[in-house]
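The values are calculated or read from the model by the stated rules, or taken from the named source; none is laboratory data. Predicted model, so just to flag it, every value in this text is computed and none were measured. Heads up, the Cβs are rebuilt from the backbone with ideal geometry, glycines too, and the neighbour counts pull from every protein chain shown. When the accessible area is computed, the model is the full protein with side chains, heavy atoms only, and any ligands, DNA or RNA have been set aside. Shrake-Rupley method; radii C 1.70, N 1.55, O 1.52, S 1.80 Å.
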Amino acid sequence: RGISQEPGSRWTEPGCQSCTCQVSIPSSHPILPMALSQPGMSHHMSWQGGQVLCDTVSCSVPCSHPLPAPAGGCCPTCTGCLHEGVARAEGDVFSPSDGNCTVCVCLAGNVSCLSPECPPGSCPSPSPADCCSCTPEKCNFRGRTYAQGARFSLDGDDCTTCVCQGGEVECSFTPCPVLDCPQHQRQLGPGQCCSTCRDPPAPAGCFLDDNGVEFPVGQIWSPGDPCELCICQADGSVSCQRTDCVETCPYPIRIPGQCCPDCSAGCTYMGRIFSNNETFPSALDPCLSCICLVR
């Protein structure tokens with residue numbers, strides 16, 4: 001290629017071809033064109049008394065996970081690791097994508113992985129999360145041993161419920177019902193876990209919202225209608241009842257504040273009230289005289 005090479009010199013051509021200059025014909029002999037054809041090799045006859053022998057560069061890779069050759073290089077490098085298509089630096093510690101708590105390290109181009117050793121069957125104690133598939137069968141709690149899934153109460157009461165799960169004991173308070181009474185009416189009895197509602201105090205009387213008057217138990221009153229009477233019950237409720245008038249007369253006298261008309265007090269005539277045995281002229285005929293008679 002127009003460049004002189006010393007006999008025995010070696011250089012690298014593009015395409016990772018390693019070439020050397022060899023003098024194989026004595027200088028006293030006539031120089032004849034010579035070409036050697038071998039698969040995978042390219043040879044060129046030097047017209048200066050030597051020949052160029054080229055062959056693909058042979059790479060010695062002393063590691064299991066070499067990195068691809070860097071730009072301009074021919075041979076892979078062991079200063080790092082290529083694992084699952086990912087380049088790892090020298091000394092890098094990592095976990096494989098499908099490893100279950102497996103840890104790998106890149107050292108001198110080699111990848112070494114370690115997996116946890118899980119005991120067969122059940123475990124004597126809980127294992128790290130997702131590392132071992134074994135499940136403890138017992139729980140040791142306050143000097144006692146409980147089977148997997150066992151439920152028991154704490155300190156012998158029913159206020160706390162505990163369960164043995166995966167070698168660990170988890171305790172929680174027993175849920176209490178929601179009370180519909182105010183806080184000052186709630187009470188917690190001896191040996192009870194949840195509060196209960198106390199009975200409200202017995203009412204001292206009846207309170208009326210319309211006028212704000214409170215009547216004692218047993219009080220009887222009229223709410224405005226003289227024919228209706230109400231009484232304050234012992235439970236604080238009000239019971240009312242109307243009065244039915246059974247006495248009738250042709251000319252009744254109605255007394256204010258009294259429910260039924262009074263037939264014994266006199267007579268009502270043309271809007272006027274006359275007492276018993278009282279005589280008065282007729283409003284229709286002045287020649288007629290009337291008298292009030294109670295029958």
Per residue solvent-accessible surface (Å²) - the range 176-295, probe of 1.4 Å
74 Å²
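If you rank 90, 228 by how much accessible surface each has, with a 1.4 Å probe, what is the order from largest down? Each step should come with its number before you reach the end.
Numbers: 90 100, 228 55 Å².
Sorted by accessible area, descending: 90, 228.
Within 12 Å, Cβ to Cβ, of residue 138, how many net charges do the neighbouring residues add up to if Lys/Arg are +1 and Asp/Glu are -1? Could you put the intermediate results ahead of the total?
Working: positive: 144; negative: 137, 168.
That sum, taken over residues with Cβ under 12 Å, equals -1.
With a 1.4 Å probe and all protein chains left in place, how much of the accessible area of the range 250-294 comes from carbon and sulfur atoms, in whole percent? Don't skip to the answer; put the middle values down first.
Values: 1840 of 3110 Å².
Summing carbon and sulfur atoms, their accessible area is 59 percent of the total for the range 250-294.
For every other residue with a beta carbon closer than 14 angstrom to the beta carbon of residue 65, add +1 if it is Lys or Arg and -1 if Asp or Glu, then tell me the sum. Provide the component values of the computation, followed by the final result.
Details: positive: 88; negative: 84, 90, 92.
Every neighbour counted, the sum reads -2.
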Projected label distance in nm at residue 160 and residue 105, using a 7 Å step from Cα toward the beta-carbon
4.5 nm
